[in-house]
Amino acid sequence: MRTASLARPELPLQPDSYTYSALLTLCQRTSNAELARTVVGHMQRDPSVQVREVHATAAMSACRRSGDPAAAMELLETLVAAPDVVVSASVVIIALKALAKSNSDPELALRAYTIISQFCPNIRMGALIYGLLIEVLATGGCVEEALTVLHEMEEEGHRPYETTYVMLVTACERGGMWRRSLSILEDMRRRGYVFYSNGLLDALFKKGVAVWNSAGEAFAEEELLLPPDG
């Protein structure tokens, strides 16, 4: 007795925006940066879909959760280079948080600085993005660039966070730039930042900062034999 065989029809799956969203959500939850970048690449080659903010945010979150700053930087460069993708402030913030969390590579820090300063004209540079960019540059050892961003931030009328100053002071100390460290602390004192919650300790520390900063300027003018910056 012969059994009739039913031909199984071919049902090709054509992924749409929702399919890609589901895949990127999976990447985000599993911290799979490599797969997230692959999905974004498929989307860019698929003429039927467009990479939107929700897709870019999920993909960048996957890179951040994976703890791979290089993956976050490469994804940001891919998104910025795409002509039909508008990189939002939220995507930039997630990328900078990924870099600030686990990056000590000056090359990655400078790449982030270049992209944000030159290729993200639609991004409104608020205090948060400025602060994160300074943190990325400072932890990456790019102190001069970090100080440049600080000055730009102040010129735009944004008040730096205390943690931003602390990052810069730490970076200057690691780089042997002791005069810069004193100058930053003096700037904080003049702007009324609080160093200690205890009023007496705060007053004493601020007095010490003023004295040491004045002494550093005097030493520089007298050209005394003190350790140079750098």
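The values are calculated or read from the model by the stated rules, or taken from the named source; none is laboratory data. Owing to the predicted nature of the structure, the values given are computational and were not obtained by experimental measurement. A quick note on method: Cβ atoms are made from the backbone with ideal geometry, for glycine too, and the neighbour counts reach across all protein chains shown. Surface areas here come from the heavy atoms of the whole protein model, side chains and all, with no ligands, DNA or RNA. Shrake-Rupley method; radii C 1.70, N 1.55, O 1.52, S 1.80 Å.
Give me the pairs, please: first residue somewhere in segment 77-105 and farther than 18 Å from V54 by Cβ and among the hydroxyl-bearing types (S, T, Y), second residue anywhere and in a loop (DSSP other than H, G, I, E, B) and at pLDDT 85 or above, beta-carbon distance under 7 Å, and either six or more positions apart or on two chains.
Sorted first by the residue in segment 77-105, then by its partner, the pairs are S102/G67; S104/G140.
Within segment 83-101, how many residues are small (G, A, S) and surrounded by fewer than 16 Cβ atoms within 10 Å (Cβ to Cβ)?
Counting residues in segment 83-101 that are small (G, A, S) and surrounded by fewer than 16 Cβ atoms within 10 Å (Cβ to Cβ) gives 1.
Here's the yes/no breakdown for (1) closer than 22 Å to I94 by Cα; (2) in contact with a Ser or Thr (Cβ under 8 Å, 6 or more places away or on another chain); (3) at pLDDT 85 or above:
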position: G140; (1), (2), (3): yes, yes, yes
position: E152; (1), (2), (3): yes, no, yes
position: R179; (1), (2), (3): no, no, no
position: S183; (1), (2), (3): no, no, no
position: F205; (1), (2), (3): no, no, no
position: F219; (1), (2), (3): no, no, no
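Kindly provide the set of residues from segment 157-176 that are touching a helix residue (DSSP H, G or I) at 6+ places or on another chain (Cβ under 8 Å), open to solvent by 40 Å² or more (accessible area, probe 1.4 Å) and either outside any helix (DSSP H, G or I) or of a type in the set (V, I, T) (or both), ordered by number.
H158, R159, Y161, T163, T170 - these are the residues of segment 157-176 that are touching a helix residue (DSSP H, G or I) at 6+ places or on another chain (Cβ under 8 Å), open to solvent by 40 Å² or more (accessible area, probe 1.4 Å) and either outside any helix (DSSP H, G or I) or of a type in the set (V, I, T) (or both).
Please find, within segment 74-118, the residue that is nearest to Y130 (Cα to Cα) out of those that are among the polar types (S, T, N, Q), part of a helix (DSSP H, G or I) and touching a helix residue (DSSP H, G or I) at 6+ places or on another chain (Cβ under 9 Å).
Going through the qualifying residues, I end up with S117.
Residue-by-condition table, conditions (1) open to solvent by 50 Å² or more (accessible area, probe 1.4 Å); (2) part of a helix (DSSP H, G or I); (3) without any contact (Cβ under 8 Å) to a residue 40 or more places away in the chain; (4) touching a Gly at 6+ places or on another chain (Cβ under 9 Å):
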{"site": "L23", "(1), (2), (3), (4)": "yes, yes, yes, no"}
{"site": "L26", "(1), (2), (3), (4)": "yes, yes, yes, no"}
{"site": "R29", "(1), (2), (3), (4)": "yes, yes, yes, no"}
{"site": "E34", "(1), (2), (3), (4)": "yes, yes, yes, no"}
{"site": "V51", "(1), (2), (3), (4)": "no, no, yes, no"}
{"site": "A59", "(1), (2), (3), (4)": "no, yes, yes, no"}
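Assess whether L75 counts as being touching a Cys at 6+ places or on another chain (Cβ under 7 Å), open to solvent by 20 Å² or more (accessible area, probe 1.4 Å) and modelled with pLDDT under 95.
No: the conditions fail for L75.
What are the residues in segment 133-151 that are open to solvent by 20 Å² or more (accessible area, probe 1.4 Å) and in contact (Cβ under 8 Å) with a residue 24 or more places away in the chain, if any?
Listed by number, the residues that qualify are E135, T139, G141, E145.
How many residues are part of a loop (DSSP other than H, G, I, E, B) and open to solvent by 30 Å² or more (accessible area, probe 1.4 Å) if we restrict to segment 177-195?
Kept after step one, since they are part of a loop (DSSP other than H, G, I, E, B), are these residues of segment 177-195: 177, 191-195.
Next, from what is left, pick out any that are open to solvent by 30 Å² or more (accessible area, probe 1.4 Å): 191-192, 194-195.
Qualifying residue count for the region: 4.
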